[in-house]
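To keep things clear, I will list the structure first and then write my remarks on it.
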Amino acid sequence: MSDIDTLKDEIKKLNARATQKKMDLHDLSEDLPQGWQNILTVAQDAFDAYRALTEKRAALKALESA
């Protein structure tokens with residue numbers, strides 16, 4: 001498997017994870033004020049997931065343009 005294919009597979013997994021974290025954040029917001037103690041944790045998880053996804057997409061773009 002090439003580096004590009006490997007990155008694409010990783011991006012698929014990260015995209016699914018980021019989407020789930022987004023939904024977790026959305027669900028938490030709908031239940032407020034219940035669960036307010038989890039806001040920072042859930043938001044940080046979503047942030048981390050999208051940061052990782054963005055970094056992998058940039059790496060793929062750089063690899064494809066090289």
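What follows draws every value from the coordinates through simple rules; no lab data is involved. Values in this document were obtained by computation on a predicted structure and should not be read as measured data. All Cβ positions, glycine included, derive from the backbone under ideal geometry; neighbour counts span all protein chains shown.
Some points to look at:
- In the range 1-16, the residue that is farthest from the chain's Cα centre (by Cα) out of those that are polar (S, T, N, Q) and either closer than 15 Å to Asp48 by Cα or assigned to a helix (DSSP H, G or I) (or both) is Thr6.
- Top-ranked residue in the range 1-26 [being closer than 13 Å to Lys56 by Cβ and among the small types (Gly, Ala, Ser); ranked as surrounded by the most Cβ atoms within 10 Å (Cβ to Cβ)]: Ala18
- From the list Ser29, Ser65, the lone residue that is surrounded by 12 or more Cβ atoms within 10 Å (Cβ to Cβ) and either on the phi > 0 side of the Ramachandran plot or more than 14 Å from the chain's Cα centre (by Cα) (or both) is Ser29.
- Filtered residue count, the range 17-66, keeping only those that are under 18 Å from Asp3 (Cβ atoms) and outside any helix (DSSP H, G or I): 1
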